Every structure is written in C-alpha cells, then in structure tokens.
Amino acid sequence: MPDIKDVDTSEWGTFKDSLKAPVHRWFTYPAGFSYKAAEYSFNKAGLSGDSTVYDPFMGSGTTNLAAKTMGINSLGVEAHPFVFPIARCKMNWSIDETATRQHLKNLQDLTEQDQISSACKEEIVSREFPELVVKCFLPETLYELMIIRNYIRKISDDNIRLFLNTALICSLRIVSIAATGWPYIAPKKIKITSYSKKGLNSYLEFVDKMFDDLSVVNFIYGGTRSEHRIFQADCRDTTDIITNESVDHIFTSPPYLNNFDYADRTRLEMYFMGDAKNWKDICQKVRTQLITSATTQINRGDDKYQFTHEFANTNPEEYEFLKNVVNQLSELRLHKGGKKSYDLLVIGYFNDLYQVLKDNYRVLKTGGRAEYILGDSAPYGVHIPTDEIIGKIGCNIGFSNCRIELLRTRGDKWKDNPQRHNVHLRETIVSLTK
C-alpha cells in the first residue's frame, strides 16, 4: 500500500474522478469527493467483507458505492431530502430492464402522439413551473421533460420509478439553454450547444448510459456480496438507527465552513420536480434539515446561535479561540456590503460538528478510525483552521490519536479577485483513531 505522500491526491476533494466512473457519475453532486479517496482509505485500513463502513454525510453515495464495489458492508446517513433518493438509486443495481424499456417505449409513443401547438406548450410550462425553470429551457424541451416527469410519477414499481426519476434529474442541466454548471444557475448566460438538444432524446440517451453502467458494475463486481443500509436522517444523533460500536471505519467529507448552500444548489432540480416552488419551500424543506454551513440558514434573532455549555466545557481551548474569531467577524461584518452572518455561522457549525463527532465516536469500534476530508476557511479574511480544530475536538471527546495529511492547496484560482482574501487555504484528511 503506497504512502499517501506517494499518491496524487490533488483531486480527492473534488468530484472529477467520479465523473469518469460508472454509476458514480450519474449525478454530479457539487460537493462530492473522489471515490478513489474512499477506496484508498478502505485498503489502508485493511477492511474486508466482514467490515462495515459508515458515512454520516453520505450525499449521493460515493463512500457507500465504493464499499459496494469492494464487497464491504456500509451504512450511510444523508439529511438532504432531495439528494438521498439519488444515493438510493445508485446503490440499487437490480433493475428490470425489460419492464423499464417498455415504459420508455410508452413515453416515446406519448410524445409522438402529442398534437399541442408550440404556443400552447409555452403557455402550459409557464403556468406549471417557477420562473427560474422557465428561463432555463426552450419551451418545447421543457414541455417534453414535463411529460416525462408526469409519466414517471404514475409508475407503480418503486425501483423503476426511482431509476427513471434519477435519469430525468441528471438530464436537466444537460439540455438546459442556461449556464447551469455546478453549482450555479445563470439564466442570462445562454448555452448555445443546448439549442439542438431534444428533451426526450437526451433523456433516453442518459437512461442508456445508466444501463450501460449497470452492465459494467454487475459484470465486474456482481459476485461481491455485502449489505448496505442507508437512511435519510440527522447524523448529529443516530442512536435510533446505528448501535454503539457497530462500525469498523468512518469515511466522509463534512460540509466545509465556506458558506456553501446545499439547499440552494439543488433548487433548479427541486423546482422542476415540484418538490419546492419558492425560496420559502427550500428553507423549510431542506435548510432546516441540514447542519449549519451557510449564512442563508442563519436568523440573527434566533438565540440558538451561542456555543453550548457542553461544547465550551469539553473544548475550553478551542472555545476560547473560536470565541475570539466570532468577535472579530461580528465587528467586520458591520463594514462589509453583504453583512453576512459569518460570526453566527461559526458558532452553529462547530456546535453541530461537535455533536456529529460525538455520535461518530459512539458508533465506532475500539481500534477503528474515522477519516474526514476537510478544508479550512477564511471568512472576511479571518483564518479558521477547521481541520486542526476538528482534530482537537475529536481528541477531547475521547479519540486517542489525530493525524492530518495534506491533499492540496486551495483558493489559488481566486487570487486575482480584489474582494477575495489572500489567506492560503488547504484541503486535508483528518484521521481520528478510537
């Protein structure tokens, strides 16, 4: 097993490797990481078919999917209600292709029989969808996508419905005429290459790609046997779903303290699928379910944004450091245009991560290791060494050892931005041993 220093880890904290891998590539989750990082971690830990891996921030399932390909049991928890079903789909390699193909044939027949005029289609989609969605697609394309969506909703087979639904979600940004590269949506920037793409044709091509991927993974890994249980739940407290000391290894990537709004990043997809209609829906249905990681989650009138007594008492040095950071940010924000609540974000973030680490310690077996891909941050130029703080908190909770290994430096591409701080950032793996 090569030492991590001898391995190219520069893309481990990104989704680039996974974009090329069967099944992993189905949904390009903007906050994803490389499946190669998970596989390396499993091999280094010497995990076998009897081992169980846990990812408390499962996302679209990278850790769990890597475990499945290696014949290792896994557990996963994801709080985002829209992303969780995509992970479910990725973990299911047994789809009735014959029955699924019949549904696709029915869809083709539906679109061919449609005689509605272009003007009527434009009127229908303008009534059906929020303005953001309407701006991102040609009317006829959006109408076809709507027909597909409505048909899928009526499919009784849960596995087929989830499979075809995932294909539709993944097709949206492919056919959008707006610049919708992750993680941002820019309706005013036109993507000329999408003008020639048809909704149904692009969708059928993506379904074919998914079936091709299933053929590959079933051929290569179909002989491996492992059990996988994933939950839509809150990873701050999993006592109802994961028993004490039942996990051999934890591999995950928590949200970074960089103001990334996970709820907003799936807004286009949620608006199209009808899971949300406006900003309020996004807040109520998603933001309230997630740990604190973005200022858009903060209500300055909410008194919960104080360090808990437990956090302060368990982590006295870290508490004093962070309290000073919060005071600096509280003053700085008053002189910034956006007046972003980075001060309260820091409090909410570390309160939440403390609870996650406590729960991780509970479920991990003695001798097991918990590994976290993390990045530090510098809101308003105030440096916060998140990885070091998380490592120290882990040791305060009871982990016996902490090791931090550098993956890459970060932030260089923003060096010409005059509004950007000049703090050099990094991405690391924090390893805690129980």
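Structural remarks
- Complete set of residues in segment 162-179 that are among the β-branched types (V, I, T), crowded, with 21+ Cβ neighbours inside 10 Å and without any contact (Cβ under 8 Å) to a residue 60 or more places away in the chain: V175
- Only a single criterion out of (1) surrounded by fewer than 18 Cβ atoms within 10 Å (Cβ to Cβ); (2) in contact (Cβ under 8 Å) with a residue 12 or more places away in the chain; (3) of a type in the set (S, T, N, Q) is not satisfied by S156, namely (2).
- I185 passes every criterion in (1) in contact with a helix residue (DSSP H, G or I) (Cβ under 8 Å, 6 or more places away or on another chain); (2) surrounded by fewer than 18 Cβ atoms within 10 Å (Cβ to Cβ); (3) at pLDDT below 80 apart from (2).
- Exactly one residue out of I169, I148, I152, I160 is modelled with pLDDT of 95 or more, under 22 Å from the mean Cα position of the chain (by Cα), assigned to a helix (DSSP H, G or I) and closer than 24 Å to R25 by Cβ: that is I169.
- Flag for V125 being β-branched (V, I, T) and without any contact (Cβ under 8 Å) to a residue 24 or more places away in the chain: yes
- Residues in segment 255-314 that are over 22 Å from E78 (Cα atoms) and of a type in the set (D, E, K, R): K277, R300, D302, D303, K304, E310.
- Within segment 217-260, the set of residues being under 28 Å from S94 (Cβ atoms), surrounded by 19 or more Cβ atoms within 10 Å (Cβ to Cβ) and of a type in the set (F, W, Y) comprises just one member, F251.
- Residue in segment 285-306 that is among the aromatic types (F, W, Y) and modelled with pLDDT of 95 or more present: no
- The residue that is farthest from Y342 (Cα to Cα), among those in segment 240-288 that are out of contact with any His (no Cβ under 7 Å at 6 or more places or on another chain), assigned to a loop (DSSP other than H, G, I, E, B) and of a type in the set (V, I, T), is T243.
- Close pairs (7 angstrom Cβ cut-off, 6 or more residues apart or separate chains): assigned by TED's automatic domain parsing to the domain that holds K105 and closer than 30 Å to N259 by Cβ in segment 180-205, modelled with pLDDT under 75 and exposed (fewer than 12 other Cβ atoms within 10 Å of the Cβ) anywhere: none
- Given (1) of a type outside the set (G, A, S); (2) surrounded by fewer than 21 Cβ atoms within 10 Å (Cβ to Cβ); (3) in a loop (DSSP other than H, G, I, E, B), index of the condition H80 fails: (2)
- Residues located in segment 60-77, provided they are in contact (Cβ under 8 Å) with a residue 40 or more places away in the chain and part of a loop (DSSP other than H, G, I, E, B): G61, M70, G71, I72
Each row is one residue, and each column tells you yes or no for (1) without any contact (Cβ under 8 Å) to a residue 24 or more places away in the chain; (2) in a helix (DSSP H, G or I).
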{"position": "D302", "(1), (2)": "yes, no"}
{"position": "A312", "(1), (2)": "yes, yes"}
{"position": "E320", "(1), (2)": "yes, yes"}
{"position": "I347", "(1), (2)": "no, yes"}
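- G368 vs. criteria crowded, with 21+ Cβ neighbours inside 10 Å and outside any strand (DSSP E or B): no
The values are calculated or read from the model by the stated rules, or taken from the named source; none is laboratory data. Keep in mind that this is a model prediction, so the values were computed, not measured. Glycine also receives a Cβ, built like all others from the backbone with ideal geometry; neighbour counts cover every protein chain displayed.
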